[in-house]
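Notes to accompany the following structure.
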Amino acid sequence: MKILKKPSRYLKQKALRKLSAALLLMAIFAVVLVSAVPTSPLYVNVGEYEGIRAISLLALLISAWLSFRSYSGYRRGYQGEKSVAKTLSSTLSDDYFLINDVNLRDGYGNIDHIVLGPNGIFVIETKNYAGKIICNGDNWLNPRSGKLNRLTHYDLGSPSKQAKRNASRVKKAIESLAAFKSKNIWVHGILVFANKNVHLQISNPTVPVLRSKQLPNFIRTTEAKNTLSTHELDLLGKELLKQANTTKKPH
């Protein structure tokens with residue numbers, strides 16, 4: 001497989017910044033906490049402002065937890081995208097071209113992967129969720145066991161709508177190119193789950209929902225609606241990269 005653009009370090013850098021923030025907040029929390037202990041050599045008597053110190057401690061703890069939670073999310077996202085890119089690049093032949101982490105200039109955020117092949121264009125949305133994921137059409141939930149053995153359902157937004165929107169964005173970008181305007185190139189939107197520990201319960205999906213290991217074979221065996229030469233694919237990839245926004249934006 002020919003790589004036209006490697007995965008960016010955007011999510012990894014965001015993860016590291018959030019981790020640094022969490023560690024800094026915990027360090028400040030520890031200092032403030034020690035200053036509140038009368039037997040500590042760093043004890044500071046704040047008198048009537050003791051309540052403010054207690055509130056500050058709580059705020060620091062919550063902020064550190066939120067930063068660490070963000071770190072975990074960005075880290076999972078980076079690892080998922082890296083895993084899918086590795087799977088694609090190590091299994092598909094040089095008939096296919098791969099563009100990772102693309103931001104088109106339409107302002108809707110990044111596209112995880114675009115595969116350009118002789119049998120079609122594949123736009124891939126990668127998720128690295130773990131646990132049970134329920135899908136009914138475009139509705140997605142992550143149920144977790146709450147108090148009294150009741151299930152709490154966490155809305156995940158709609159990854160399938162995201163995959164379809166990104167496919168539509170790429171199709172519009174291709175149609176804006178004079179060399180490809182008349183070809184009516186078909187663009188497939190695909191949703192891929194990279195985490196081995198995800199349990200999928202899928203009903204009436206509006207896009208193909210796959211695991212990482214299923215993706216290469218799905219791409220290879222998809223029936224061609226348009227046939228593109230290697231030269232056309234290379235040209236198309238370079239033109240899409242020209243339309244990419246250099247400013248990195250979150251999912």
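Please enumerate the residues belonging to segment 202-232 that are among the hydrophobic types (A, V, I, L, M, F, W, C) and either crowded, with 17+ Cβ neighbours inside 10 Å or over 24 Å from W140 (Cα atoms) (or both). Result: V207, V209, L210, L215, I219, A224, L228.
Of all residues in segment 157-214, those satisfying the criterion of being in a helix (DSSP H, G or I), farther than 27 Å from R76 by Cβ and touching a helix residue (DSSP H, G or I) at 6+ places or on another chain (Cβ under 9 Å) are A173, I174, E175, K181, K183. Quick one: would you say Y10 is under 19 Å from the mean Cα position of the chain (by Cα) and more than 30 Å from D234 (Cβ to Cβ)? Here the answer is no, as Y10 does not meet what is asked. Among all residues of segment 106-119, there is none that is touching a helix residue (DSSP H, G or I) at 6+ places or on another chain (Cβ under 6 Å), outside any strand (DSSP E or B), β-branched (V, I, T) and under 22 Å from K171 (Cβ atoms). The set of residues in segment 176-208 being closer than 18 Å to I99 by Cα and of a type outside the set (A, V, I, L, M, F, W, C) consists of H188, G189. Counting the residues of segment 134-177 that are modelled with pLDDT under 85 and aliphatic (A, V, I, L, M) gives 3.
Condition check for D95 on (1) among the acidic types (D, E); (2) in a strand (DSSP E or B); (3) surrounded by fewer than 22 Cβ atoms within 10 Å (Cβ to Cβ): one failure, at (2).
The values are calculated or read from the model by the stated rules, or taken from the named source; none is laboratory data. Source: prediction; values computed, not measured. Please note: Cβ atoms are built from the backbone with ideal geometry, for glycine as well, and neighbour counts cover all protein chains shown.
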